[in-house]
Amino acid sequence: MNYAKILKYLYSLETHKIKLGLENIQEILGKLKNPEKELKCIHVAGTNGKGSVCAMLSSILQEAGYKTGMYTSPHLKDFRERFLINNKKISENDVVKYFLKIKKYIAEQTFFEVITAMAFLYFKDKKTDFLVLEVGLGGRLDATNVAMPLASIITNIGIEHTDFLGKTLEKIAYEKAGIIKENTPVVSGAKGKPLSAIKKICKEKNSELFINKML
């Protein structure tokens, strides 16, 4: 398969309904020997500003001399924008290479689950020092939430994707705060009731919360 045919196949998977949950991504990553476990990630969720925060974090880490991966969605013009190392897009040859590495394991996975698996394997093989990882939708049941990050960031909370995340700010905050892991620092720009929900989960997870009103 060439690059164009692979993109056509991947985009065909977008016709599948969104399926929030970690079972499918865990299944395919298990067959790939769990590359996500070998990555040092910073996980970014929130309603607005996720992309900007990811770009700033990536720039800071690069300036500090680190080989920095960044996985974001959606792309603007080029599919390869989703997979960056030091701001350089993945090559078309590597898209082909990493798709073929996981092709035989694809079963019921969605577009986002497949490319997330490709991303974890790609960034692991390229020996990135850090991976800035943007949540696709929500947080708790998003395919990226198999990562065990060094830190979690929740930019802010607004009403969005209510069919999947709930119809109140508190429920949406709960879903986005699902990226918080045990004993892992959290930075958030949330306010009001969403911030209260995030504080509650941080307390349950014994995770220190840093409030940044700029996010």
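Based on what the data block shows, is Thr110 of a type in the set (Val, Ile, Thr), under 19 Å from the mean Cα position of the chain (by Cα) and either over 20 Å from Leu22 (Cβ atoms) or surrounded by fewer than 14 Cβ atoms within 10 Å (Cβ to Cβ) (or both)? Explain how you work it out, then say what you get.
Details: of a type in the set (Val, Ile, Thr): yes; under 19 Å from the mean Cα position of the chain (by Cα): yes; either over 20 Å from Leu22 (Cβ atoms) or surrounded by fewer than 14 Cβ atoms within 10 Å (Cβ to Cβ) (or both): no.
When the stated conditions are applied, Thr110 does not pass them.
Please verify whether the range 34-45 includes one or more residues that are among the hydrophobic types (A, V, I, L, M, F, W, C) and part of a helix (DSSP H, G or I).
Step one: of the range 34-45, the residues among the hydrophobic types (A, V, I, L, M, F, W, C) are 39, 41-42, 44-45.
Still in the running and part of a helix (DSSP H, G or I): none.
Taking every residue of the range 34-45 in turn, none turns out to be among the hydrophobic types (A, V, I, L, M, F, W, C) and part of a helix (DSSP H, G or I).
Those residues that are modelled with pLDDT under 95, in contact with a Phe, Trp or Tyr (Cβ under 6 Å, 6 or more places away or on another chain) and open to solvent by 80 Å² or more (accessible area, probe 1.4 Å), I need them from the range 1-39; list them, please.
Glu14
Inspect all residues belonging to the range 46-63 and state whether any of them is in contact with a Pro (Cβ under 8 Å, 6 or more places away or on another chain), of a type in the set (A, V, I, L, M), part of a helix (DSSP H, G or I) and open to solvent by less than 30 Å² (accessible area, probe 1.4 Å). Break it down stepwise before answering.
The first filter runs over the range 46-63 and keeps only residues in contact with a Pro (Cβ under 8 Å, 6 or more places away or on another chain), leaving none.
No: zero hits.
Looking at the range 67-81 only, could you name the residues that are closer than 21 Å to Lys37 by Cα and open to solvent by less than 10 Å² (accessible area, probe 1.4 Å)?
Thr68, Gly69, Tyr71
Inspect all residues belonging to the range 85-94 and state whether any of them is in contact with a His (Cβ under 9 Å, 6 or more places away or on another chain) and either closer than 30 Å to Lys213 by Cβ or not in a helix (DSSP H, G or I) (or both).
First pass over the range 85-94, keeping only residues in contact with a His (Cβ under 9 Å, 6 or more places away or on another chain): none.
Checking the range 85-94: not a single residue is in contact with a His (Cβ under 9 Å, 6 or more places away or on another chain) and either closer than 30 Å to Lys213 by Cβ or not in a helix (DSSP H, G or I) (or both).
What residue, of Leu84, Leu131, Leu137, Leu100, is under 17 Å from the mean Cα position of the chain (by Cα), at pLDDT 95 or above and either surrounded by fewer than 22 Cβ atoms within 10 Å (Cβ to Cβ) or not aliphatic (A, V, I, L, M) (or both)?
On the way: Leu131 fails: either surrounded by fewer than 22 Cβ atoms within 10 Å (Cβ to Cβ) or not aliphatic (A, V, I, L, M) (or both); Leu137 fails: at pLDDT 95 or above; Leu100 fails: under 17 Å from the mean Cα position of the chain (by Cα).
The unique qualifying residue is Leu84.
Here is a check on your reading of the model: is Phe210 touching a residue at least 12 places away in the same chain (Cβ under 8 Å) and surrounded by fewer than 19 Cβ atoms within 10 Å (Cβ to Cβ)? Give the derivation first.
Details: touching a residue at least 12 places away in the same chain (Cβ under 8 Å): yes; surrounded by fewer than 19 Cβ atoms within 10 Å (Cβ to Cβ): yes.
Yes: the conditions hold for Phe210.
For the range 146-163, what are the residues that are more than 30 Å from Lys33 (Cα to Cα) and touching a residue at least 12 places away in the same chain (Cβ under 8 Å)? Steps first, answer last, please.
Step one: filter the range 146-163 for residues more than 30 Å from Lys33 (Cα to Cα), giving 155-163.
Matches in the range 146-163: Thr155, Asn156, Ile157, Gly158, Ile159, Glu160, His161.
State which residue pairs qualify: first residue over 17 Å from Gly139 (Cα atoms) and free of Cβ contacts under 8 Å to residues at least 24 places away in the same chain and inside the range 104-117, second residue surrounded by fewer than 16 Cβ atoms within 10 Å (Cβ to Cβ) and of a type outside the set (A, V, I, L, M, F, W, C) in any location, beta carbons under 9 Å apart, and separation of 6 or more residues or different chains.
Lys104/Lys31
The values are calculated or read from the model by the stated rules, or taken from the named source; none is laboratory data. Since we're looking at a predicted model, the values are computed, not measured. Note that each Cβ is placed from the backbone with ideal geometry, even for glycine, and that neighbours are counted across all protein chains shown. In case anyone asks, the SASA skips ligands and DNA or RNA and just uses the protein heavy atoms, side chains included. Shrake-Rupley method; radii C 1.70, N 1.55, O 1.52, S 1.80 Å.
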